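Heads up: the structure comes next, in structure tokens.
The values are calculated or read from the model by the stated rules, or taken from the named source; none is laboratory data. A quick note: this is a predicted structure, and the numbers were derived from the prediction, not measured. Neighbour counts are summed over all protein chains in view; Cβ atoms, including those assigned to glycine, are modelled from backbone coordinates with ideal geometry. These accessible areas exclude ligands, DNA and RNA; they are computed on the full protein's heavy atoms, side chains included. Shrake-Rupley method; radii C 1.70, N 1.55, O 1.52, S 1.80 Å.
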Amino acid sequence: MNLAFVESPVQLLNVLEWAHSRPGATLDQVPSQPTGPAAAARLPVAELTVVVLSPTDPMSRGQLRRMAELARDEGFTVRWQEARGGTKAPLKTVRELAPMLHRAERIVIGDPFSRYVQLLLTMTGSRDLTVVDDGTATMEFVAQLARGEKLVRWHRRGRRGTRELFLAPVTFLARRRLTPSRSRQVEVFTSMPVEPPPGITVTANRFAWTRSRFGPPKITRGADLVGTSLVETGVVDLDQYVEAVAALARTHGATRYFAHRRESWDKLHRLAVETGLEIVRPDLPLELIARRGPIGRTVLSFPSTVVHTLPLALVGTGVQVAVCDIAPEWLRDSASPRAQGFLAGVTGTARDVQRLRAPA
């Protein structure tokens, strides 16, 4: 049995892409209202169970429920776990999942930095482990693993509070589980450019499932702008961000702003008032929204996952993805010292995109 743990809509999308790409996958009937080919290769449905470790924010939950419906339509078993619903929820979740963890032949995860996932990894003896994309964090995960460093999200400053000290043994043991050995195979299924350490297998995610199920989209003449949660994560100053969005919209004639699921309502309201953009809160990951259409002929983005994934999802459609650099003066004083270099790397390694300078 393959057992997947997901905490975000993008993770669940990429688990479906991973299952679709498996060597020796069977041909199976597509959903009753297919939008792509009549059939597509994928993992036998009995071999994959997806466990959704549900987050608490409404936008993430809504998108995850929609993605869970798509996964069930594909025939996979999806278990919705209220993993954060109160102080007793984590213990209850661990107790309920323990038998499945012991039986699983392969564990599939989307966020190796998640303390919840790290705890679950300490409970499994699975020989095979797959990490699917949870955005650009995959790049940092592989780099930290190659350098032998502890797992720390790129936008964190690395302070060791009481909680971090308490969870340090869990993180250490999880990192060992994520390191290949003679008895353990580790795969990274990714659309990101990574340089893995010896022993890790990298499988390219080309969004074949997405392209087979959605589109091709209707292309509009205008431009769309993709939002980011860099303000919410404490990396970019809010005022600087609003000014940059307004400048990009004016320069490129953008009319719609596709909000990131973590962007705050107050920030989005300010963007709508000060830029005149129509704010769209997608009910699915942007890769699926773009394939479903309509989508602008130009899609503008700041450094983020979509500058790597959208060119793959929209290949052959004629849509141009353009990425705007983050100027150093936009960064908050509290931003991690690694922030500027990491964001520059996200932009610099993106393929088939147009590079834009930060608005003055």
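Of the residues in the stretch 308-321, not one is touching a Leu at 6+ places or on another chain (Cβ under 6 Å) and in a helix (DSSP H, G or I).
Taking the stretch 216-260 as the range and being charged (D, E, K, R), open to solvent by 10 Å² or more (accessible area, probe 1.4 Å) and assigned to a strand (DSSP E or B) as the test, the residues that pass are Arg221, Arg256.
A search for C-beta distances below 6 Å between a residue of the stretch 74-99 that is under 23 Å from Leu13 (Cβ atoms) and any residue that is among the polar types (S, T, N, Q) and exposed (fewer than 13 other Cβ atoms within 10 Å of the Cβ), counting only pairs 6+ apart in sequence or on different chains, returns Arg84/Thr56. Residues that are open to solvent by 10 Å² or more (accessible area, probe 1.4 Å) and β-branched (Val, Ile, Thr) within the stretch 290-315 comprise Thr298, Thr305, Val306, Val315, listed in sequence order.
All conditions in (1) over 18 Å from Leu284 (Cβ atoms); (2) at pLDDT 95 or above hold for Gly227, with the sole exception of (1). Scanning the stretch 261-289 for residues that are open to solvent by 50 Å² or more (accessible area, probe 1.4 Å) and touching a residue at least 60 places away in the same chain (Cβ under 8 Å) yields Arg262, Arg281, Asp283. Picking from residues in the stretch 137-161 that are open to solvent by 60 Å² or more (accessible area, probe 1.4 Å) and modelled with pLDDT under 60, the one that is nearest to Pro196 (Cα to Cα) is Arg156.
Annotation note: of Gly318, Gly341, the sole residue that is touching a strand residue (DSSP E or B) at 6+ places or on another chain (Cβ under 9 Å), open to solvent by 30 Å² or more (accessible area, probe 1.4 Å) and more than 28 Å from Arg61 (Cα to Cα) is Gly318.
Listed by first and then second residue, the pairs with beta-carbon distance under 8 Å, at least 6 apart or on different chains, first residue in the stretch 346-360 and acidic (Asp, Glu), second open to solvent by less than 30 Å² (accessible area, probe 1.4 Å), are Asp352/Pro311; Asp352/Val321.
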